[in-house]
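To start, the structure itself, in structure tokens.
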Amino acid sequence: MILLLAITANAQKLEDQTLLTIDGNKYDAGTFMRVYLKNLDIVQDESQKDLDNYMDLYINYRLKLLQAQEMGLDNDEEYKEELASYRSTLAEGYLTDNEVTDELIKEAYERTINEVNASHILIKVDKDAAPADTLKAYSKIKLIKNKLDRGADFDELARNESEGPSAGVDGKIGWFGAFRMVYPFENAAFDTPVGEVSDIFRTDFGYHVLKVNDKRPAPGEVAVAHIMTYDRKPADSADAEARIRMVYEQLESGKEFGDMAKEFSEDINSSRNGGRIGRFGTGGLNSPEFEEAAFALDTLGTYTKPIKTEYGWHIIRLLEKHPVAPYEKIEEPLRNKIKSSPRSRKITESFTNSIKEKYNVTIPKYENYSKEFPLITDSIMTSSWEIPLEKTKRAPLFTIEGKPYYRSDFWEYAYKRHLKDPRKFKSLEDKIKIYFTEFSDRSLVDYYEANLDRDNKEFAFILNEYKEGLLLFELMEEKVWEKAKTDSLGQREFYENNKDKYSYGKRLDLILTQNTSEETAQQVQELLEQGKTVDEIKAQINSTGNTKTMISTGIVEQNYSRLPEDFEVKEGVSDIYKKDNAAFHKVIKVNEILDPTPKSFEESRGAVINDYQQALEKEWMESLRDGREIKVNERVFKKTKKAIAKKAA
């Protein structure tokens, strides 16, 4: 038995071993090391870096916290609310898969600085279609893929077989980058080499194959203005092309583009602004011909010849060019975009899978969710479903570390969710399946969050550090700061006992002049020596209305900041002082040098409160150890010192 205990003690990690005990409260070596190493770089007092000295500070720190807890400050409702708010904010960074998030951001940036030109063939099938319909659609796309593998012409097959809107243009969908297509489509396009055809893939629209026609660096964004004409019905005597060519001739003769746009452009939304269109990138206007012409312009202010699009005829003028921003500038916008896009599901799945693995949880999957949960009826589709009363309590749907999650828990989630859910669902089966996935994900994340303090050491350390800091603030406020500010009798008594500390140093009764030139300074110097008053000097020197000298008077400390650094303190008029880079020439007249005198209580009140506060804290700190049983485990402390030296090296 003794041998077993010895082996267990040796096997225990140093971080978990008790380093300090105060009245039976144990504090481990790991926390001591983390606190010391965290503050090592910001400690300026070298004596505090000495571990023996630091141990004294650490003991004081623990004694303060112990007293705060004994006073019940950690039970204060305001304290609890602030701590809960901070914990919630801190936990957000731990409730995601940061590694997958970073990968998605980098992937999105690569797809922002590059673009793909592709064509595709679509065979439609609903994502919740019956197995027979799904098989039928897959068989059809598989047959098409087999033909392509044997060398069939992609354009021809797209034209004749595709069920998508691009079939009429041989399946061509033009250029696009990140977030322009649904994520599976985007993945297939960027993962397929130029000139090759992708494997079959599925989206919410059905089954696809695509061909990558080309890839290029993204051109960024542009801002343009345009003048537009279009054929009206019934057609005018002059058609749209004739009208746009007439405008072009006027531009070529020197007419101003904005004026011509206001006068002749038939795009009523932009004509009033001189034809200006908001900034856009590839795919931003859903008009490949317009975008291609706009991006082809290189020089600001130049414009195109008339071009035709499906909307009409245009002349486009380049106003601004904006290349793709560097990664650092758009990392956060990309992060936010990913969070609000379907690809965030990849982050959620990775994170929830890690929680399942951590807690060894199996979430059930059902072939038919509406059959598995028959008490969730069609009324949930119209937000009028009510939670049913289950007569017999069944086995849990799943458990997390012994905590059961029942059907009633799922019903409660589904009820609250469906009341404020704006989404449209294709079927009852679809809605129940999605709600169950969300419920199980939410349950896993909530359980993990509730146990973060236990399961994540970094989170626990940061939260505890904030909690203890908040407690110390409350304690110092009550024990020291508030008393130092409000105890007027104590302040005055402290002042009377320490009067020698509060006195003026040697002071000067002087006239300080700042002059715009050396010539002016010489004139002022002479007038001061003649005993002229300040008003007389100003009247004479500034007589033309041009301020050449500025004068201030009063009693100041000998080290007054506006005095020259090399100022010679003596009664009378000084020499002229000017630094090389200074704007003014200074002349000072010292009327009298005043000996040091005591400050009154009111004059020294600020300094008294500060010193009184320090005295109160010192007195309080000396009393903290009274009656306490404090024990440092020297053997563990010795190991801790070695471990810190190794980590700090």
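The values are calculated or read from the model by the stated rules, or taken from the named source; none is laboratory data. Everything quoted here is computed from the prediction, not taken from an experiment. Here the Cβ is made from the backbone with ideal geometry for all residues, glycine too, and neighbour counts use every protein chain on show.
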>> For the condition in a loop (DSSP other than H, G, I, E, B) and surrounded by 14 or more Cβ atoms within 10 Å (Cβ to Cβ), what is the one hit in LYS483, LYS532?
In response: LYS532
> From VAL247, VAL212, which residue is touching a strand residue (DSSP E or B) at 6+ places or on another chain (Cβ under 7 Å) and under 18 Å from ARG111 (Cα atoms)?
Replying inline: VAL212
>> Please go through the range 602-627 and give me each residue that is exposed (fewer than 14 other Cβ atoms within 10 Å of the Cβ), in a loop (DSSP other than H, G, I, E, B) and not acidic (Asp, Glu), ordered by number.
In response: ARG625, GLY627
>> Kindly evaluate ALA539 against the criterion of being assigned to a helix (DSSP H, G or I), of a type in the set (Gly, Ala, Ser) and closer than 30 Å to ILE355 by Cα.
In response: no
> Looking at ASN75, is it loosely packed, with under 15 Cβ neighbours inside 10 Å, under 22 Å from LEU475 (Cβ atoms), at pLDDT 90 or above and in contact with a helix residue (DSSP H, G or I) (Cβ under 7 Å, 6 or more places away or on another chain)?
Replying inline: no
>> Let me confirm something: among GLY301, GLY312, which residue is in the same structural domain as ASN273 (by TED's automatic domain parsing), on the phi > 0 side of the Ramachandran plot and without any contact (Cβ under 8 Å) to a residue 24 or more places away in the chain?
In response: GLY301
>> I'd like the full set of residues that are within 21 Å of GLU571 (Cβ to Cβ) and surrounded by 14 or more Cβ atoms within 10 Å (Cβ to Cβ), limited to the range 500-511.
In response: TYR504, ARG507, LEU508, ASP509, LEU510, ILE511
>> Let me spell it out: the conditions are (1) over 30 Å from TRP481 (Cβ atoms); (2) out of contact with any strand residue (DSSP E or B) (no Cβ under 9 Å at 6 or more places or on another chain), and GLU592 meets all of them except one. Which number is the exception?
In response: (2)
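Conditions (1) in contact with an Asp or Glu (Cβ under 8 Å, 6 or more places away or on another chain); (2) at pLDDT below 95, marked per residue:
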residue: SER370; (1), (2): yes, yes
residue: LEU375; (1), (2): yes, yes
residue: SER384; (1), (2): no, yes
residue: GLU390; (1), (2): no, yes
residue: ILE400; (1), (2): no, no
> Residues of the range 303-340 being touching a Leu at 6+ places or on another chain (Cβ under 6 Å) and not in a helix (DSSP H, G or I), which ones?
Replying inline: LEU318
> Just checking, which of TYR86, TYR79, TYR94 is outside any helix (DSSP H, G or I) and either in contact (Cβ under 8 Å) with a residue 40 or more places away in the chain or not assigned by TED's automatic domain parsing to the domain that holds GLY627 (or both)?
Replying inline: TYR94
>> Can you pull out every residue in the range 543-560 that is more than 16 Å from VAL524 (Cα to Cα) and of a type outside the set (Ser, Thr, Tyr)?
In response: GLY545, GLY554, ILE555, VAL556, GLU557, GLN558, ASN559
>> I'm trying to understand the selection: among the residues of the range 616-638, which are touching a residue at least 24 places away in the same chain (Cβ under 8 Å) and over 42 Å from the mean Cα position of the chain (by Cα)?
In response: ARG625, ARG628, GLU629, ILE630, LYS631, VAL632, ASN633
>> Among the listed residues TYR369, TYR413, TYR405, TYR359, identify the single one that is more than 30 Å from ASP455 (Cα to Cα) and of a type outside the set (Val, Ile, Thr).
In response: TYR369
> Considering GLN514, GLN558, which residue is under 50 Å from the mean Cα position of the chain (by Cα), at pLDDT 90 or above and surrounded by 15 or more Cβ atoms within 10 Å (Cβ to Cβ)?
Replying inline: GLN514
>> Can you tell me which residue is surrounded by the most Cβ atoms within 10 Å (Cβ to Cβ) among those in the range 416-438 that are over 16 Å from TYR369 (Cβ atoms) and not basic (Lys, Arg)?
In response: ASP421
>> Return the residues of the range 111-145 that are touching a helix residue (DSSP H, G or I) at 6+ places or on another chain (Cβ under 6 Å), within 30 Å of ASN368 (Cα to Cα) and buried (at least 19 other Cβ atoms within 10 Å of the Cβ); say none if nothing qualifies.
In response: ILE123, VAL125
>> Show me the helices (runs of 4 or more DSSP H) entirely contained within the range 341-456 in which 3 or more residues are in contact (Cβ under 8 Å) with a residue 24 or more places away in the chain, out of contact with any strand residue (DSSP E or B) (no Cβ under 7 Å at 6 or more places or on another chain) and more than 24 Å from ALA129 (Cα to Cα).
In response: 344-359, 407-419, 428-450
>> Step by step: first the residues of the range 12-28, then only those that are in contact with an Asp or Glu (Cβ under 7 Å, 6 or more places away or on another chain) and among the polar types (S, T, N, Q), then the one that is surrounded by the most Cβ atoms within 10 Å (Cβ to Cβ). Which residue is that?
In response: GLN17
